[in-house]
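Below: the structure, in structure tokens.
The values are calculated or read from the model by the stated rules, or taken from the named source; none is laboratory data. Computed from a prediction, not measured in an experiment: that's the story for all the values here. In this analysis, Cβ positions are derived from the backbone assuming ideal geometry, glycine residues included, and neighbour counts consider all displayed protein chains. Surface areas here come from the heavy atoms of the whole protein model, side chains and all, with no ligands, DNA or RNA. Shrake-Rupley method; radii C 1.70, N 1.55, O 1.52, S 1.80 Å.
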Amino acid sequence: MRFCLALSVAIGISITSAADWNRFRGPNGAGVGAGTGYPSELSLSKNVLWKAAAPFGQSSPIIAGNRLFVTASEGDNLLTICFDARSGAKLWTRTVKRERNTKTFKANDSASPTPAADENGVYSFFADYGLVAYTLDGKDRWTLKLGPFKNFYGMASSPILAGDLIVLQCDQNAGSYLVALDRKTGQQRWKTQRPGAGISWSTPALFANGKELIVLGTSELSSYYLATGERRWWLPVGSMGAMGTPLVYRDTVLSVTAGTSDPWLDPFQTALSKYDKDKDGLISHQEFLAFKDFAEHFGWLDANEDEKIDAKEWDYVRMYGMGEFGAISVAAADAKGKVEPSAVRWRFKKNLPYIPSGLVYNDVYYMVRDGGIITSLDPATGALLKEGRSKEALGEYYSSPVAADGKIYVINGDGKASVLKAGAQWEVLGVHDLGEEVRATPALDAGRVFVRTKSAIYCFGGKS
């Protein structure tokens with residue numbers, strides 16, 4: 001047994017394949033794994049092949065060859081950690097010191113973006129540092145300092161590998177951009193500003209046989225030429241904050257924009273009558289605390305960070321996300337310039353997830369949202385196939401669904417893991433409790449499911 005493990009390390013260290021889950025949500029962010037033999041239960045008592053302790057971080061695990069990578073943070077240390085994907089043994093940890101300590105909303109952390117990896121090594125993005133690249137053995141390759149970023153909720157978009165490039169979407173309150181670097185050297189190939197795109201936490205996908213990038217922002221869904229960074233087409237959208245990775249289905253881009261058709265805040269003058277106790281025409285941080293349902297989000301509205309909200313700041317956020325919303329399907333293969341509403345093949349405006357990405361598997365489109373609500377649609381037409389819920393796994397959902405071998409894996413924030421029988425009329429096969437919080441999306445590889453909880457990484461598979 002020891003000899004077999006050693007041999008697998010020796011021959012697998014520099015090899016990645018099309019089946020590798022080497023970026024957020026695997027190949028092209030689709031969330032679909034290759035192979036068979038995946039478990040129909042994620043049970044701590046039955047099919048845990050290994051468990052490894054890992055410091056807290058919200059980045060998802062990735063697999064390259066026989067190595068598993070995650071990122072984490074401990075104080076001022078920003079960590080990239082490598083495990084043996086077959087045994088769970090920790091192989092190495094590398095650390096960079098944060099350049100700054102940006103205050104962000106409590107739901108985010110310094111290690112939310114998921115790393116990416118290839119045959120040359122691993123690439124990690126930390127908002128308080130930048131991009132750092134290591135070899136598969138953990139040796140330094142190159143670094144690129146980035147930021148600071150102005151984003152009250154923190155950064156979450158993950159780097160992707162495309163051709164000989166690594167691409168990163170850096171959306172923020174102002175100054176959003178896309179940047180493409182040479183994978184081997186870290187040298188910038190191009191940088192494209194995204195004025196008016198709005199803030200986003202989404203990760204790009206590849207389209208048109210890898211020649212285009214599909215990028216979702218709060219205010220537009222866009223395509224950029226991979227070779228140059230030039231924007232090819234864009235569709236105006238309305239969203240309360242773009243999070244889910246766009247999906248590619250045949251010649252169509254599928255995306256979810258969870259917005260609103262009406263202003264969700266009172267007019268500023270109405271807000272002043274409720275909260276402006278000292279009658280100075282502004283809403284201070286202390287006064288804003290009376291807005292109980294939204295009190296902890298003061299920093300989003302206070303754009304200039306002067307501890308007061310004026311009419312301009314209030315109205316900007318009030319209109320944030322206004323416009324059309326829903327699950328949308330865009331016929332984008334021949335699009336150029338501004339895409340008109342007629343190019344939208346269908347919209348679906350019910351049961352929309354806010355954080356989890358959608359999933360297309362065996363010609364069925366799945367959405368999972370808070371409360372364990374699961375919806376399946378025809379991805380070609382948007383027709384509703386089934387809506388229901390995993391009744392033993394209610395609560396909030398941060399993790400995105402993934403699928404392989406006729407099964408769909410869905411985990412809520414409390415660590416309740418549902419396994420579904422895939423299909424238009426999907427069924428819940430079972431629900432198991434992982435015992436602690438889960439924010440990361442599972443990785444799938446060679447019949448195994450890798451799940452990151454608050455303090456550990458689990459590998460589930462057939463019986464050991």
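Compute log10 of I(q)/I(0) for region 273-382 with the Debye formula, placing one identical point scatterer on every Cα and leaving out solvent, at q = 0.14, 0.15, 0.16, 0.18 Å⁻¹, to two decimals.
The computed values of log10 I(q)/I(0) come out as -0.78, -0.82, -0.85, -0.92.
Please work out how much length the chain gains when fully extended from N209 to D278, using 0.36 nm per residue of separation minus the C-alpha to C-alpha distance, in nm with one decimal.
Contour length minus the Cα-Cα distance gives 18.9 nm.
May I ask you to list the residues of region 62-81 whose amide nitrogen lies under 19 Å from a point 7 Å from Cα along the Cα→beta-carbon direction of T143?
70-81
Counting only protein heavy atoms and using a 1.4 Å probe, what share of the accessible area of region 128-193 belongs to carbon plus sulfur, as a whole percent?
47 percent
Quote the FRET efficiency, to the nearest 0.05, computed for D315 versus A424 with a Förster distance R0 of 45 Å and r equal to the Cβ-Cβ distance.
Result of the calculation: an efficiency of 0.55.
With labels modelled as points extended 7 Å from the Cα through the Cβ direction, what inter-label distance (nm, one decimal) is found for D405 paired with D370?
Distance between the two pseudo-spin positions: 3.4 nm.
For region 341-464, report the % of Cα-Cα distances exceeding 21 Å.
Every Cα pair in region 341-464 considered, those over 21 Å come to 36 percent.
Dipole of the chain (Lys/Arg Cβ +1, Asp/Glu Cβ -1, origin at the Cα centre): which of Q169, A30, I199 lies farthest to the positive side?
So the residue we want is A30.
Report the extension gain between K103 and D363 in nm, rounded to one decimal, defined as 0.36 nm multiplied by the number of residues separating them, less their alpha carbon distance.
Between K103 and D363, full extension yields 89.4 nm more.
How big is region 35-99 along each principal axis, measuring the range of its Cα positions in Å and listing the largest first?
44, 24, 18
Taking R0 as 41 Å, what FRET efficiency do you get between L265 and T185 from their Cβ-Cβ distance, rounded to the nearest 0.05?
Computed FRET efficiency for L265 and T185 comes out at 0.30.
Output the relative contact order of region 278-428, whole-number percent, from Cα pairs under 8 angstrom with separation of 6+ residues.
RCO, region 278-428: 13 percent.
Tell me which of A180, W346, F83 sits at the most positive position along the dipole axis of the chain, charges placed on C-beta atoms (Lys, Arg +1; Asp, Glu -1).
Going by the charge dipole, the pick is F83.
Given +1 on the Cβ of Lys and Arg, -1 on the Cβ of Asp and Glu, and no further charges, what dipole in debye does the chain carry about its Cα centre, rounded to the nearest 20?
1160 debye
Name the residue from N101, G413, S239 whose Cα lies farthest towards the positive end of the charge dipole of the chain, charges +1 on Cβ of Lys and Arg and -1 on Cβ of Asp and Glu.
G413
In Å², and per residue, what accessible area does region 169-277 have when probed at 1.4 Å with the other protein chains present?
With the other protein chains kept in place, region 169-277 gives 37 Å² per residue.
Given a Förster distance of 45 Å, report the FRET efficiency between A89 and Y354 from their Cβ-Cβ distance, rounded to the nearest 0.05.
Rounded to the nearest 0.05, the efficiency is 0.75.
So which trypsin sites (Lys or Arg not before Pro) in region 171-219 pass both tests, a DSSP loop state and at most 16 other Cβ atoms within 10 Å of the Cβ?
The qualifying sites are K184, K211.
Expressed as a whole percentage, what fraction of the accessible surface of region 334-408 belongs to carbon and sulfur atoms when a 1.4 Å probe is rolled over the protein heavy atoms?
Exposed carbon and sulfur together represent 47 percent of the surface.
Pairs K103/K349; K46/K421; K312/K349; K391/K454; K338/K386: which are spaced more than 26 Å apart, C-alpha to C-alpha?
K103/K349; K312/K349; K338/K386
Please work out the Cα center distance from region 50-120 to region 382-423, rounded to the nearest Å.
Result: 25 Å between the Cα centres.
Rounded to the nearest 20 Debye, what is the dipole magnitude of region 117-188 about its Cα centre when Lys and Arg each give +1 and Asp and Glu each give -1 at the C-beta?
180 debye
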